Amino acid sequence: MPRISVVIPMYNGEVYIGQCIRSVQNQTYGDFEIIVVDDGSTDRGAEICRSLAAADPRIRLTCQENGGVSRARNHGIDLACGEYLFFLDCDDGIHPCLFQEMVAQAEQTGAVMLYCDCAMVDDGQMEQVCRRTGDWKEQESLCQGTGDQPESPQWQVAEGELAEEWFHIRYVRELSRVCGMVRRDCVGDLRFDQSMKNGEDTWFKYSLFSRKLRTAYTPCKWYYYRTHGTSASHVGARNGDTRYFQVSSLIRDREYGKGQIAFAMTWENITIAQMMKNYGLLRRAGNRKGCLERKEAAAAERKGPLFSRLSWSTQMLYGCCFSCYPLYVVLNRVAQKLAGWRLFREKRMERGI
């Protein structure tokens, strides 16, 4: 039985799947299986996977009719034989030492969920991080880090209410993605919600963190997320898909109902930010119907029990966004610059400069 089952959903990923699989094959820890779930692709992605599988028995390809990324991931979970599950999108990649570090932490700390941060990279950068020869010494040298990266990952461990606090407040951005490893028996019968077109990964993680499991996290950006304009979230947002911000509002409402006001406020802020971003994308796409619908949703959102708890600046930006968008653009730029300046000052103070 392999230690790690890597589940890779694929839809028309012929351009990227080779790089993705290569980043897994180049791991310094080799006790894994790769399960590629072809979600009804019409390109050569499956053919490429079959060729790679012929040379590496750790690779398995299974094909299904097109049913979406959640159905593909769920199929992969059902087929997995490993002690741990690791989810990787077919256009992304991972650092060659990631599995080695995660397994070591699982053994040392007893953590059943292990996560790293994510680096946003373009096509050229992805080619660089995935262009490895498979030579162990070369890969080992990568673990030493470069520039201001630490020589080895610094891990933190939490469980119970602290693990929940990590997800909802301290590391909400980092832990809402699917860049991590979780013990398969802890997943149990939990599956990705196939009715969600966007945010299904965040909802899955929310369900896991609600179980207050022991979690290890490193801020090392060892999951490489490819940035391009064809992602499901961007396409859905431009088309007016309300599920672009559905998940954050669902989590907000669930936590508010549990009396976890601090947690709920995090997701209220995220919902508001996503609604404003979504409205901007709809305007730029010329989707007038979507804009009108979003204005109606924005008016209803103002009546929610948490809106009045938002900062005055957020409420002002929100009002400008849906009533005078050009003014919102100017004010939002100023707010972003001020936020960047504050972050710069905080980092300087931390370094004692």
Say whether the condition of being surrounded by 17 or more Cβ atoms within 10 Å (Cβ to Cβ), touching a residue at least 24 places away in the same chain (Cβ under 8 Å) and either in contact with an Asp or Glu (Cβ under 9 Å, 6 or more places away or on another chain) or β-branched (Val, Ile, Thr) (or both) is met by at least one residue in the range 319-332.
no
Enumerate the helices (runs of 4 or more DSSP H) found wholly within the range 132-198, keeping only those where 3 or more residues are open to solvent by 50 Å² or more (accessible area, probe 1.4 Å) and modelled with pLDDT under 85.
136-142
Hey, among the residues in the range 199-220 that are touching a strand residue (DSSP E or B) at 6+ places or on another chain (Cβ under 7 Å) and open to solvent by less than 20 Å² (accessible area, probe 1.4 Å), which one's nearest to ALA80 (Cα to Cα)?
LEU208
Pairs with Cβ under 6 Å, 6+ apart, first in the range 108-131 and farther than 30 Å from ASP185 by Cα, second basic (Lys, Arg) and surrounded by 11 or more Cβ atoms within 10 Å (Cβ to Cβ):
MET126/ARG226; CYS130/ARG22
Would it be correct to say that SER233 is at pLDDT below 95 and within 30 Å of CYS97 (Cα to Cα)?
yes
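One line per residue, one yes/no per condition, for (1) crowded, with 17+ Cβ neighbours inside 10 Å; (2) not β-branched (Val, Ile, Thr):
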position: ASP43; (1), (2): no, yes
position: ILE48; (1), (2): yes, no
position: GLY68; (1), (2): yes, yes
position: HIS75; (1), (2): yes, yes
position: ALA80; (1), (2): yes, yes
position: CYS90; (1), (2): yes, yes
position: ILE94; (1), (2): yes, no
position: CYS97; (1), (2): yes, yes
position: CYS116; (1), (2): yes, yes
Any idea which of ILE251, ILE270 is crowded, with 22+ Cβ neighbours inside 10 Å and among the β-branched types (Val, Ile, Thr)?
ILE251
For the range 63-85, how many residues meet the condition of being among the aliphatic types (A, V, I, L, M) and at positive phi?
0
For ILE59, all conditions in the list (1) farther than 30 Å from VAL172 by Cα; (2) β-branched (Val, Ile, Thr); (3) surrounded by fewer than 20 Cβ atoms within 10 Å (Cβ to Cβ); (4) out of contact with any His (no Cβ under 8 Å at 6 or more places or on another chain) hold save one; what is the number of the exception?
(3)
List the residue pairs whose Cβ atoms are under 6 Å apart, where the first residue sits in the range 267-292 and is among the aliphatic types (A, V, I, L, M), the second is in a helix (DSSP H, G or I) and open to solvent by 10 Å² or more (accessible area, probe 1.4 Å), and the two are 6 or more positions apart or on different chains.
LEU281/ARG238; LEU282/CYS291; ALA285/ARG238
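The values are calculated or read from the model by the stated rules, or taken from the named source; none is laboratory data. Keep in mind the model is a prediction, meaning the values are calculated, not measured. Every residue, glycine among them, receives a Cβ derived from its backbone with ideal geometry; neighbour counts consider all protein chains shown. Protein only, heavy atoms only, side chains kept; ligands, DNA and RNA dropped before computing areas. Shrake-Rupley method; radii C 1.70, N 1.55, O 1.52, S 1.80 Å.
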